[in-house]
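Written out below as structure tokens is the structure these notes cover.
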Amino acid sequence: MKTNLIIQGAELATQDLKQLAKLSSAARIEAINQQAFRLVDADPASKEAVAAHCKDAQLDYGFMPQSRKLTDFGLVVMDMDSTLITIECIDEIADMMGLKPQVAAITASAMRGEIDFQASLRKRVGLLDGLPENALERVYQERLRLSPGAETFLTTLKSASIKTLLVSGGFTFFTSRLKNRLHLDYTASNQLEIVDGKLTGKVLGDIVDADAKAAWLIKTRDQLGLSPEQVIAIGDGANDLKMMAEAGVSIAYRAKAVVQEKAGYALNFVGLDGVLPLLG
């Protein structure tokens, strides 16, 4: 199977491209856009050398089949916090109570896979007991930002009739607003209990953890009549690994080390629109 090597970065030096072409025995270099280049007929056996050079040069790379094209896919499943958006919503909510350092430490540990996600979420949400509901709106309006390239990425998917599922261990307050704002097709997330305008420190119903994320991917994939090879999954934390394992293409976006090790591709230096060159 013939492969191309995709090289992406905020700044792409000609000397780096030439060296990578040499390392990968590529036939030629083609520009995709200002931040992405295609090295045609690259040898995937050169991956170790390419990875080392790209790490030093702060570049993203990915070997992909030459036959792959965007229309091969029918569904993109993505995480929300630190993937579609730049923040961890629960950490920012906790900041409203002066508890961000404590909550952020638990969040980071959970994302590295060091502690159970369900237990960690219940513990973090429990610390929010008594917080006014309007703090959620403040986080959405004042702190929530889309990841770079997110809108370009989603617009391109929509134009190719590819469905989108946002599946999050975060909260429906945010996923529902992003669904409407970005015209996403499906969302799944956790519901915070709110009584008399205040958070109770509890989550309603079953928690969307790693198993639930994978189950939502499979359910949506089957409803659309797609094969695993037609699905792309994007995430950053350990609780994304099971859903990523169910997709034909898995992408670690600004992810924890455990996720980068197991994903098919890793993007650390470009935005979410950097997914597109990897899809043909």
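The values are calculated or read from the model by the stated rules, or taken from the named source; none is laboratory data. Because the structure is predicted, anything quoted here is derived from the model rather than measured. All Cβ positions, even for glycine, are placed from backbone atoms using ideal geometry, and neighbour counts span all protein chains on display.
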Notebook entry, point to check: Which ones in the stretch 2-21 are within 25 Å of the chain's Cα centre (by Cα) and loosely packed, with under 12 Cβ neighbours inside 10 Å?
Noted result: E11
Notebook entry, point to check: Can you tell me which residue in the stretch 2-47 is modelled with the lowest pLDDT, limited to those that are charged (D, E, K, R) and closer than 16 Å to Q66 by Cα?
Noted result: K2
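Report yes if some residue within the stretch 54-75 is within 30 Å of L192 (Cα to Cα) and under 22 Å from the mean Cα position of the chain (by Cα); otherwise report no.
Within the stretch 54-75, one or more residues are within 30 Å of L192 (Cα to Cα) and under 22 Å from the mean Cα position of the chain (by Cα).
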Next item on the list: Within the stretch 184-204, track down each residue that is among the β-branched types (V, I, T), buried (at least 17 other Cβ atoms within 10 Å of the Cβ) and more than 30 Å from R221 (Cβ to Cβ).
Entry: T200
Check: Within the stretch 216-236, is there a residue that is modelled with pLDDT under 95 and either surrounded by fewer than 19 Cβ atoms within 10 Å (Cβ to Cβ) or within 30 Å of F37 (Cβ to Cβ) (or both)?
Finding: no
